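The values are calculated or read from the model by the stated rules, or taken from the named source; none is laboratory data. This is a predicted model, so every value here is computed, not measured. Reconstructed Cβ throughout: ideal geometry from the backbone, glycine too, with neighbour counts over all protein chains shown. Note: areas computed on protein heavy atoms with side chains; ligands, DNA, RNA excluded. Shrake-Rupley method; radii C 1.70, N 1.55, O 1.52, S 1.80 Å.
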Amino acid sequence: MTDEQHSETDLNDQMRERRLSLDEIIQQGFNPYPHKFDSTHTINEIIARLSSKTGEELQTARPHIKAAGRIHAINKMGKAAFIRFTDGRELLQIYLRSNEVDEKTWNLFKLLDLGDFIGVEGFLFRTKTGELSIHAESLTFLSKALTPPPDKYYGLHDIEIRYRQRYADLIANRSVREVFEKRSAIIRHIRSYFDARGYVEVETPMLTPLATGAAARPFKTHHNALDIDLYARIAPELYLKRLIAGGFEKVYEINRNFRNEGLSIRHNPEFTMLEWYEAYSDYEDLIRLTENLISELVEKICGATVIEYGERKIDFTRPWKRLTMREAVIHFWNKWDYLPPNIHPWETGLREMKQMLDDIYTITHDPGRCAICDAARKRQSESLAEQETPLERQRPTVDDLATREGLVEWINKLPDNLKSQISNLKSLDYGHLLGELFEQVAEPHLNDPVFITEFPVELSPLSKQSETDPRFVDRFELFIAGMEIANAFCEINDPADQRRRFEDQMKLRERGDDEAMVIDEDYLRALSYGMPPTAGEGIGIDRLVMILTNQKSIRDVILFPHMRPEKGDSGQGTGDRE
RNA sequence: GGGCCGUUAGCUCAGUCGGUAGAGCAUCUGGCUUUUAACCAGAGGGUCGCUGGUUCGAGUCCAGCACGGCUCACCA
């Protein structure tokens with residue numbers, strides 16, 4: 001144990017005190033780490049079932065209680081005391097009098113520290129201020145906290161410690177636990193939704209010889225006995241469709257995908273994906289299912305159809321909007337100068353920014369000394385004026401955006417800051433250019449749920465082409481709060497078509513696109529046995545949980561988000577390493 | 001990897017112009033038999049992230065490094 005590795009001088013005064021008090025507890029004959037405690041109720045149950053009782057009712061009934069929990073606060077008043085303890089969800093008070101418990105219990109009480117676990121036996125009553133409390137008859141020692149808990153009032157704010165030591169975060173910040181309880185409820189609801197409709201939950205390999213089924217760089221590992229390289233899967237897609245070829249008509253999987261990419265507020269290298277596939281359906285069926293499923297979740301988890309997300313509101317009122325990718329570009333053309341505060345959450349809106357700059361200007365303005373401030377202020381004023389009296393600029397039409405030449409022409413009309421985001425303009429094909437344009441012009445504005453349809457074929461190597469226009473595929477993505485939440489399409493089931501699409505991807509790979517998809521011969525063999533018409537969809541669970549629990553960062557909905565290893569630790573956490 | 005910001009007691013945070021390191025909670029001692037972030041009186045607790053530099057003197061100014069956050073790039 002690491003405890004023995006610390007000399008006494010390494011410990012701060014509080015940790016030394018706690019070790020001394022543990023020794024004293026042992027001295028007094030208590031088992032310092034007993035195996036179990038039989039409760040009559042959890043603290044949560046006591047509050048749920050008995051908090052409606054009045055003081056008089058409790059005085060008559062004197063409900064007998066045995067309950068266990070962690071000590072949150074101690075108020076000692078000479079020969080009496082209040083202890084607040086918790087089951088991690090709710091706090092409950094214990095009232096203890098030296099003349100009403102045996103000497104052993106009173107001596108134990110004097111050795112307790114915040115964070116220790118105790119069991120209490122007694123009866124329920126209300127104090128004179130009306131607070132539900134357990135009048136203790138005896139205390140049982142259950143476990144020692146050798147490290148003091150974070151501040152009981154201010155909690156634990158240090159973001160690094162919160163993520164690295166999630167246990168301390170959970171002790172200190174009750175709202176964190178609520179987020180993860182909601183996450184659990186969301187996943188439970190999703191499972192029961194699909195189970196009730198006859199989908200079979202399956203598990204497909206997470207270590208795979210090929211990393212394919214999505215556009216991403218994989219993690220690579222090695223299997224010693226077989227002496228082969230394996231990849232952590234970037235998507236379960238091709239395995240799930242093998243199952244449809246094998247005769248399952250409806251399957252779903254909820255599990256982790258791994259992508260070897262940077263970390264951000266919206267990206268964790270491992271993330272949870274729901275994917276499902278259904279035979280004889282098309283993407284219109286999936287639009288209906290998606291709207292239905294997420295509406296149910298919003299209602300169940302948030303209890304409303306308009307919810308708050310940061311400083312914005314998201315309106316889930318049905319039916320949700322639908323725009324083709326080109327329509328979205330046209331719709332948000334000219335809007336790039338101004339994103340209202342409810343579009344950019346947690347960021348200062350333009351108007352506030354101007355006010356701030358005006359204030360700074362008033363306070364510090366010294367002509368000729370504050371050039372940067374002047375310039376910034378001027379720009380903000382101009383943007384604001386433009387937003388208030390929008391110039392009716394020309395917009396592209398659907399036909400303008402139908403050819404590569406048209407796209408290049410309109411991309412060249414973008415403001416420099418957006419245009420510069422689109423690199424290698426010359427080498428990109430029609431589909432990739434349209435994707436870039438959509439991303440720059442429309443995506444940040446997609447706040448309320450909206451289905452984006454009519455994806456170009458070049459961006460969709462697994463999607464069936466549209467029956468009416470082969471430049472596009474029968475695919476949609478659902479956007480909420482500017483984030484891509486779902487991706488769905490009619491699956492290619494013609495093995496010849498799929499082979500051509502894979503080959504196009506391999507050409508991109510040869511030209512240096514290391515995220516282009518890898519050809520999967522076994523998947524093509526599966527298709528050759530015949531796969532019924534099929535539609536499939538993936539939903540990013542972490543991002544959905546972010547929206548439903550109003551969390552800014554994906555790290556706030558993942559219990560142990562990835563961090564750089566701590567100094568002096570090789571980062572394995574478990575201590576088990578090669 | 002680039003840019004911006006941050007790192008002070010166990011926790012949450014102050015720290016003015018460069019001049020002996022501060023508060024609340026927590027801890028310790030004493031008091032208090034219905035408290036509510038209990039209260040009252042007293043005490044202990046710091047390598048100011050690390051390494052250099054400037055200076056008579058650095059928590060404060062400068063440089064480098066480490067770690068973190070946000071952001072950009074990549075992506076869902």
**Only listed residue being more than 7 Å from RNA strand B (Cβ to nearest atom) and surrounded by fewer than 16 Cβ atoms within 10 Å (Cβ to Cβ), chosen from A:R166, A:R162, A:R177** = A:R177
**Complete:** Listed by first then second residue, the pairs whose first member lies in segment A:268-296 and is more than 17 Å from A:A196 (Cα to Cα), whose partner is of a type in the set (D, E) and not in a loop (DSSP other than H, G, I, E, B), with beta carbons under 7 Å and at least 6 positions apart or on separate chains, are A:N268/A:D542; A:F271/A:D542; A:T272/A:D542; A:D282/A:D474; A:Y283/A:D474
**Message:** Among the residues in segment A:74-82, are any open to solvent by 40 Å² or more (accessible area, probe 1.4 Å) and away from RNA strand B (no atom under 12 Å from the Cβ)?
**Reply:** no
**Request:** Residues being within 9 Å of RNA strand B (Cβ to nearest atom) and open to solvent by less than 30 Å² (accessible area, probe 1.4 Å): count how many of those fall in segment A:237-268.
**Result:** 2
**Request:** Given the conditions (1) in contact with a strand residue (DSSP E or B) (Cβ under 9 Å, 6 or more places away or on another chain); (2) not assigned by TED's automatic domain parsing to the domain that holds A:I265, report the number of the one that A:P209 does not fulfil.
**Result:** (2)
**Request:** With respect to A:D497, determine if the residue is assigned to a loop (DSSP other than H, G, I, E, B), surrounded by fewer than 18 Cβ atoms within 10 Å (Cβ to Cβ) and assigned by TED's automatic domain parsing to the domain that holds A:Y231.
**Result:** no
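For every residue, the table says whether it meets (1) open to solvent by 80 Å² or more (accessible area, probe 1.4 Å); (2) touching a helix residue (DSSP H, G or I) at 6+ places or on another chain (Cβ under 8 Å); (3) away from RNA strand B (no atom under 14 Å from the Cβ); (4) in a loop (DSSP other than H, G, I, E, B).
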position	(1), (2), (3), (4)
A:A145	no, yes, no, yes
A:E181	no, no, yes, no
A:S184	no, no, yes, no
A:S192	no, no, yes, no
A:G198	no, no, yes, yes
A:E203	yes, no, yes, yes
A:A216	no, no, no, yes
**Message:** Taking the conditions exactly as written (over 19 Å from A:F109 (Cα atoms), modelled with pLDDT of 95 or more and open to solvent by 60 Å² or more (accessible area, probe 1.4 Å)), does A:D38 satisfy them or not?
**Reply:** yes
**Prompt:** So which residues in segment A:464-478 are in contact with a Phe, Trp or Tyr (Cβ under 9 Å, 6 or more places away or on another chain) and either within 16 Å of RNA strand B (Cβ to nearest atom) or of a type outside the set (K, R) (or both)?
**Reply:** A:Q465, A:S466, A:F472, A:V473, A:D474, A:R475, A:F476, A:E477, A:L478
**Prompt:** Going by the conditions given, is A:S281 away from RNA strand B (no atom under 16 Å from the Cβ) and either at pLDDT below 95 or surrounded by fewer than 18 Cβ atoms within 10 Å (Cβ to Cβ) (or both)?
**Reply:** no
**Message:** Between a residue in segment A:513-532 that is of a type in the set (F, W, Y) and any residue that is within 16 Å of RNA strand B (Cβ to nearest atom) and in a helix (DSSP H, G or I), which pairs come within a Cβ distance under 8 Å, given they are 6 or more apart or on different chains?
**Reply:** A:Y523/A:L238
**Fill in**
Out of (1) away from RNA strand B (no atom under 16 Å from the Cβ); (2) surrounded by 14 or more Cβ atoms within 10 Å (Cβ to Cβ), the one A:I485 does not meet is (1)
**Prompt:** Can you tell me how many residues in segment A:243-269 are of a type outside the set (S, T, N, Q) and under 28 Å from A:A526 (Cα atoms)?
**Reply:** 15
**Message:** I'd like to know if segment A:131-142 contains one or more residues that are more than 7 Å from RNA strand B (Cβ to nearest atom), open to solvent by 20 Å² or more (accessible area, probe 1.4 Å) and either over 19 Å from A:T40 (Cα atoms) or small (G, A, S) (or both).
**Reply:** yes
**Complete:** Selection from segment A:101-129 of residues more than 35 Å from the chain's Cα centre (by Cα) and within 7 Å of RNA strand B (Cβ to nearest atom) yields A:F125, A:T127, A:K128, A:T129
**Message:** Among the residues that make up segment A:269-277, is at least one of them over 25 Å from A:I452 (Cβ atoms), of a type in the set (D, E, K, R), in contact with a Phe, Trp or Tyr (Cβ under 8 Å, 6 or more places away or on another chain) and open to solvent by 30 Å² or more (accessible area, probe 1.4 Å)?
**Reply:** yes
